[in-house]
Amino acid sequence: MNSKILLSIVMGGLAAVIVVIAFSGSQLLNDVSQGGLGKVSQQQIKVLPIEVELGKFKILSVTEEEAQIQVDFKITNPNYKSVILEVIKYTLYDGDKRILVSQIGDRPEGAIDSSNYFTILRDTPQLIGETITIKNAGTDPEFWNSLQNNTINWRIKGEANFNLSSMTAGQENTVPFEITVDSSNSN
């Protein structure tokens, strides 16, 4: 057989496979659920939201100029495959008064940026956190006194952005969370 004809048949077959996969998307290949890659699925693949809990909240130091606070989030992935946690954005409150806005990680924008993301494995909780600094601007002595005496009603409100580490499924997902810090946990 002519090698050009054989090469054309192989290339045509490869193109047909690519077209079938491109138009069927996650309906044909499912590498998200327990069945694994190659399992034919007629259902939409369901991505379970990650769970965001407070891992640790500790006031490290308080001086007249600034306070250092350790905030750790415990992230749990209930999905069969690992997920990529891109960013945790959160706001720290004293009751209803906003104290600080922060984020851990980042979301890449454009083709040149690289992401600082975290891979969260299945059923293996991971602590992700940072040490934040609150500067004393001198405008709220009542808050600073409460901070020094550790009598603040801390509340954390935010969202975590993640997606599946999958080649066939997993759009951008956002999980909102709100955590009230137990005063015995913030020593």
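The values are calculated or read from the model by the stated rules, or taken from the named source; none is laboratory data. Just so you know, these numbers come straight off a predicted model, no measurement behind them. Virtual Cβ from ideal backbone geometry, glycine too; neighbours counted across all protein chains shown. Note: accessible area is taken over every heavy atom of the protein model, side chains too, but ligands, DNA and RNA are not part of it. Shrake-Rupley method; radii C 1.70, N 1.55, O 1.52, S 1.80 Å.
Quick test for you: out of 146, 114, 165, 186, pick the one residue that is more than 13 Å from the chain's Cα centre (by Cα), modelled with pLDDT under 85 and surrounded by 14 or more Cβ atoms within 10 Å (Cβ to Cβ). Selected residue: 186, the only one of 146, 114, 165, 186 that is more than 13 Å from the chain's Cα centre (by Cα), modelled with pLDDT under 85 and surrounded by 14 or more Cβ atoms within 10 Å (Cβ to Cβ).
Every test in (1) modelled with pLDDT under 90; (2) assigned to a strand (DSSP E or B) is passed by residue 175 save one, and that test is (1). The residues of segment 88-107 that are at pLDDT below 90 and open to solvent by less than 60 Å² (accessible area, probe 1.4 Å), listed by number, are 95, 105, 106.
Residues in segment 1-46 that are under 28 Å from the mean Cα position of the chain (by Cα) and either of a type in the set (D, E, K, R) or at pLDDT 80 or above (or both): 31, 39, 46. A Cβ distance below 8 Å, combined with a sequence gap of six or more or placement on separate chains, defines the contacts here; from segment 145-163, residues that are without any contact (Cβ under 8 Å) to a residue 40 or more places away in the chain and more than 26 Å from residue 50 (Cα to Cα) reach residues that are in a helix (DSSP H, G or I) and open to solvent by 30 Å² or more (accessible area, probe 1.4 Å) in the pairs 151/183. For segment 69-95, the set of residues classified as aromatic (Phe, Trp, Tyr) and either within 13 Å of the chain's Cα centre (by Cα) or not in a strand (DSSP E or B) (or both) consists of 73, 80, 90, listed by residue number.
Restricting to segment 119-135, give me the number of residues that are acidic (Asp, Glu) and loosely packed, with under 12 Cβ neighbours inside 10 Å.
At the first step, the residues of segment 119-135 found to be acidic (Asp, Glu) are 123, 130.
Applying the additional criterion that residues be loosely packed, with under 12 Cβ neighbours inside 10 Å yields 123.
Result for segment 119-135: 1.
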